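The values are calculated or read from the model by the stated rules, or taken from the named source; none is laboratory data. Just so we're clear, the structure is a prediction, and the values are computed from it rather than from any experiment. All Cβ positions, even for glycine, are placed from backbone atoms using ideal geometry, and neighbour counts span all protein chains on display. Please note that ligands, DNA and RNA were not included when accessible areas were found on the heavy atoms of the full protein model with its side chains. Shrake-Rupley method; radii C 1.70, N 1.55, O 1.52, S 1.80 Å.
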Amino acid sequence: MKKMLSISIALTALIGFAGCSQSNDTANDTSATSSEETTTLRFAHFWPATSATHKDVFAPWAKKVEEESNGRLKVEIFPSATLSKADAAYDAAAKGTIDIGSQLQGYTNGRFPLTQITELPGLSNSATQMNCMLQTLYDDGVISSEYEDTHLLFMMGTGPGGIHTIDKEIRKPEDLKGLRIRRPSAIAGDIIEAAGGTPVGLPAPDLYTSLQRGVLDGLSLPWDATGSFKLIELVNTHTNMPFYSSAIMVTMNKDKYESLPDDLKKVIDDNSGMEMAAIAGEVFDGEDAKFMAEAAAKGDTMIDIPDPLNDPAWSAPLEAGTQKYLKDTKALGLDAQTVYQKAKDASAACKA
């Protein structure tokens, strides 16, 4: 009887040990599985899925992030403002409605006043130069305070913005008189107004129908956007004049970034900053050249004013628009002149 009791106790202990061991193994397996879980990042922007910005900047970025994380990061991209409005992507990323967002700073007037100094006439002649200038100013801490509620990934910027109309030649400021011209930002609007035109604020996805309906007489855009949003089908007269550029940001929800383990943060960091700014600049410049050539090939009227700051007809409204913006920014208690000078220095270095 004692022998049987001893065997029973031994068996019970053995079963308990086995159960404990199995429980610990299961816990370890769960931990291993947890460390390999996939984190999905929702990335919203307003460009069409057919645009080079989507296909040649954002999609390759997402693929690279997924590959370098061994599939532990997955990026779902929502183009055409389907997940966030064109002018709300930054706030959506800040609040966590989306994980990553991209938009023009000019879409939220007054939100990024120091950054938009880079949009002033004469500071950039290409997207590559604009991107380098923007990223340099961010990396040097000149404009970084404007993005403290998110984790900025990289800066982008467009090539020079010209004026595109239907059958209306713009050769001098007086030609804008009485025309309703879409402006992408307050800076461009000030210059259009100083030249005699009527600036109209509309997000890029609304421009095609607005031109069709006669709500607009023309628009101010870089060539890449004119092509990406199919506006080149409607406009046929182009004034190639670098009187402004548009700043763009790509940013991430700060809490989402901080929640990632260090190795996944490194994947994000390795695909951020100046390298991405340079890639985006090359894409924008390539699109500018492509769509300009396409317009010329279909017989559109091309008017070139390569240096408007030194053109007697255009220098006055450009200077008036510049000084108005710097004065308004200074009135906010910001050191606009110092940032303007640093933007000039960065512009020169980036051009070189």
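Taking 0.36 nm per residue of separation and subtracting the Cα-Cα distance, full extension of the segment from residue 304 to residue 349 would add 13.6 nm.
Of all beta bridges that DSSP places with both ends in the chain, some 50 percent have antiparallel geometry.
Taking each residue as 0.36 nm, the span from residue 293 to residue 67 lengthens on full extension beyond its C-alpha to C-alpha distance by 77.8 nm. For the stretch 82-189, place one equal point scatterer on every Cα, skip the solvent, and apply the Debye formula. What is log10 of I(q)/I(0) at q = 0.17 Å⁻¹? Result of the Debye calculation: -0.90. Relative to the longest principal axis of the Cα atoms of the chain, the long axis of helix 336-351 makes an angle of roughly 80 degrees.
Each peptide among 300-308, 105-113, 173-181 gets the average number of other Cβ atoms lying within 10 Å of its residues, and from highest to lowest they stand as 105-113, 173-181, 300-308.
When peptides 338-350, 248-260, 277-289 are ranked by their average number of other Cβ atoms within 10 Å per residue, the highest-first order is 277-289, 248-260, 338-350. Give the relative contact order (percent, whole number) for the chain; include only Cα pairs under 8 Å separated by 6+ residues. Across the chain, relative contact order equals 23 percent. Neighbours of residue 187 by Cβ distance under 12 Å: Lys/Arg scored +1, Asp/Glu scored -1, total -2. In this rough spin-label picture, where each label sits 7 Å from Cα along the Cβ direction, the residue 206-residue 149 distance is 2.3 nm.
Put simply, the amide H of residue 153, placed in the peptide plane, has neighbours under 5 Å in 250, 251, 252, leaving out anything fewer than 5 places away on its chain. Across the stretch 269-309, the residues whose backbone nitrogen lies under 15 Å from the label position 7 Å along the beta-carbon direction of residue 171 are 301-306. When a 1.4 Å probe is rolled over the protein heavy atoms, the share of accessible surface on the stretch 193-352 that falls to carbon and sulfur comes to 52 percent.
For the chain, the fraction of alpha-carbon pairs lying more than 25 Å apart is 56 percent, rounded to a whole number. Calculated over the stretch 126-273, the projected area of the Cα convex hull averaged across directions stands at 10.0 nm². At a probe radius of 1.4 angstrom, the accessible area of the chain per residue rounds to 45 square angstrom. The fraction of all Cα pairs in the stretch 235-304 landing in successive 10 Å bins from 0 to the largest distance is 15, 32, 23, 16, 12, 2, given as whole percents. Of the peptides 62-75, 42-55, the ranking by mean beta-carbon count within 10 Å, highest at the top, reads 42-55, 62-75. Structure note, pairs 55/168; 74/290; 168/327; 324/351; 177/342: Cα-Cα distances above 29 angstrom occur for 55/168; 74/290; 168/327; 177/342.
Computed across the stretch 213-352, the Kirkwood hydrodynamic radius from all distinct Cα-Cα pairs reaches 18.8 Å. Compared with the dominant Cα axis of the chain, that is its longest principal axis, helix 274-297 is turned about 40°. Altogether, the Stokes-Einstein calculation at 25 °C and 0.890 mPa s, with the Kirkwood radius of the stretch 46-114 over Cα pairs as Rh, returns a diffusion coefficient of 188 µm²/s.
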